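The block underneath contains the structure these notes are about, expressed in structure tokens.
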Amino acid sequence: MVDGTVIEASNRAAADAHRRGLDGLGEQLARRGVEIGAVIERVGAFEVAVPSWALGTGATRFGRFPGEGEPRDVFEKLDDIAVIHCLTGATPRVSLHIPWDEPDDPPALRSHAASRGLGFDAVNSNTFQDQSGQALSYKFGSLAHANGAVRRQAIEHIRRVIDVGSSLGSSTIAIWLADGSNYPGQANLRNSFERVSDGLANVYEGMPADWTMLVEHKAYEPAFYATVVADWGSSLMLAQAIGERAMCLVDLGHHLPNTNIEQVVARLVTAGKLGGFHFNDSKYGDDDLTAGSINPYQLFLVFNELADAVGDGALDAHPAYMIDQSHNVKDPIEALLQTVSNLQKAYARALLVQRGVLAQYQHANDVLMAEETLKSAFETDVSALVAEARRCRGGAIDPVATFRNSGYRRAKAEERTRSRHAPPQSL
């Protein structure tokens, strides 16, 4: 953990500049009729789950370059996540991947997490890789496989993931399938989808009554001709057919280039099936980059839809917020700190949108002023507001600088040996 005195010292050093920035922003927002304290309170309540697979250096298909002090097991990954939560006050839960980070002793892992101030969010199953000792291969699919024995194996794996999740205190299963085909004629397109629907329904029927299933779509990769669950329409069809507690998960990188993701969000809100997010950013495909690093305006527009839906009662509560990133050239902890900050800023800006004014311009078909109303919120520098939200929760005004000054990475480089196995790519 980062010592609290390090955070206090860092905040003291930044206090004067921080206060000036906060006062100036408060005056600016007051002129718009916005009370800054209310926004700080809502941003301070923002929380996002950190994935267990993002704490080690990622890789491309060409290679991997390990970083110093990488965690060697899931217990050390939780230690790193606790540092992120300590510095931001916004990451109290872990999204665990099984079998990559399956604990030998779930109660011991749960106890370790609790001692670090952490709990568990969604658990993630893996039927897109063959694991050691696995009887049948997923080379040609899992729940969509033509062989019923392979489908049963996949169902049993997902059920086991749910059992492990229950022992950890989780109540959500996130399912992403690599099932699909690379060539026309390789698989029957209707039958493949029906098999997936039947398989997920089988899992759903056996879930604990308080559990939620999140169905994740992805346009392509590894199946480049026809992915079975390729878009939000496919995941919506599955969620609607399976049951009330089956919802859709939106990964920001799982869309074709130039897809209007905020419109996807709006449609799923309308359908009552928006269950969760995997936050990342991309330039070409599922790049799994730091959220807000490529297209911060799109990230803002996604949060704008969420804030609008909560504001008018179309969404009772925010969906499950999770990060899904692969950090190949950045320090994973620093990259996750940056992502949390970018998410908080996007959320804060969405809260600044003058919705009554926007609605008036929309009703009058004043296109320019409607756009400018959104842009005014997006272009507001909310750094001081977000920093104050973190400080109020005991976090750091500048998390990355505080982390670097803490010496945590240097200490872990000495304590930990290089990881024995390269962590896999993210979901």
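The values are calculated or read from the model by the stated rules, or taken from the named source; none is laboratory data. All values reported here derive from a predicted model rather than from experimental measurement. In this analysis, Cβ positions are derived from the backbone assuming ideal geometry, glycine residues included, and neighbour counts consider all displayed protein chains.
Quick check on this structure: which one of Ala309, Ala241, Ala266 is in a helix (DSSP H, G or I) and surrounded by fewer than 18 Cβ atoms within 10 Å (Cβ to Cβ)?
Numbers: Ala309 fails: surrounded by fewer than 18 Cβ atoms within 10 Å (Cβ to Cβ); Ala266 fails: surrounded by fewer than 18 Cβ atoms within 10 Å (Cβ to Cβ).
Sole residue among the options that is in a helix (DSSP H, G or I) and surrounded by fewer than 18 Cβ atoms within 10 Å (Cβ to Cβ): Ala241.
Does any residue in the range 17-40 that is of a type in the set (Val, Ile, Thr) come within less than 9 Å, Cβ to Cβ, of a residue that is surrounded by fewer than 18 Cβ atoms within 10 Å (Cβ to Cβ) and in a loop (DSSP other than H, G, I, E, B) six or more places away or on a different chain, and which pairs are these?
Taking only residues 6 or more apart or on different chains, the pairs are Val34/Gln354.
Can you tell me which residue within the range 246-263, out of those that are closer than 30 Å to Ala209 by Cα and touching an Asp or Glu at 6+ places or on another chain (Cβ under 7 Å), is surrounded by the fewest Cβ atoms within 10 Å (Cβ to Cβ)?
My answer is Asp251.
Being closer than 23 Å to Ala291 by Cβ, touching a strand residue (DSSP E or B) at 6+ places or on another chain (Cβ under 9 Å) and either in a loop (DSSP other than H, G, I, E, B) or hydroxyl-bearing (Ser, Thr, Tyr) (or both), is that true of even one residue in the range 112-125?
Looking through the range 112-125, at least one residue is closer than 23 Å to Ala291 by Cβ, touching a strand residue (DSSP E or B) at 6+ places or on another chain (Cβ under 9 Å) and either in a loop (DSSP other than H, G, I, E, B) or hydroxyl-bearing (Ser, Thr, Tyr) (or both).
Could you check Asp281 against (1) surrounded by fewer than 18 Cβ atoms within 10 Å (Cβ to Cβ); (2) modelled with pLDDT of 95 or more and say which number it fails?
All conditions are met except number (1).
I need a count of the residues in the range 18-36 that are exposed (fewer than 12 other Cβ atoms within 10 Å of the Cβ) and assigned to a helix (DSSP H, G or I).
Result for the range 18-36: 4.
For the condition surrounded by 14 or more Cβ atoms within 10 Å (Cβ to Cβ) and part of a helix (DSSP H, G or I), what is the one hit in His145, His157? Walk me through it before giving the result.
Details: His145 fails: part of a helix (DSSP H, G or I).
Every option except His157 fails the conditions.
Here are some conditions: (1) touching a strand residue (DSSP E or B) at 6+ places or on another chain (Cβ under 7 Å); (2) surrounded by fewer than 24 Cβ atoms within 10 Å (Cβ to Cβ). Pro107 meets all but one. Which one does it not meet?
Every condition holds for Pro107 apart from (1).
Among the residues that make up the range 73-81, is at least one of them touching a residue at least 12 places away in the same chain (Cβ under 8 Å), closer than 30 Å to Val353 by Cβ, part of a helix (DSSP H, G or I) and within 27 Å of the chain's Cα centre (by Cα)?
No, the conditions are met nowhere in the range 73-81.
Answer with yes or no whether Leu214 is crowded, with 24+ Cβ neighbours inside 10 Å, at pLDDT 95 or above and not small (Gly, Ala, Ser). Talk me through it step by step, then tell me what you get.
On the way: crowded, with 24+ Cβ neighbours inside 10 Å: yes; at pLDDT 95 or above: yes; not small (Gly, Ala, Ser): yes.
Yes; evaluated as a whole, the condition is true for this residue.
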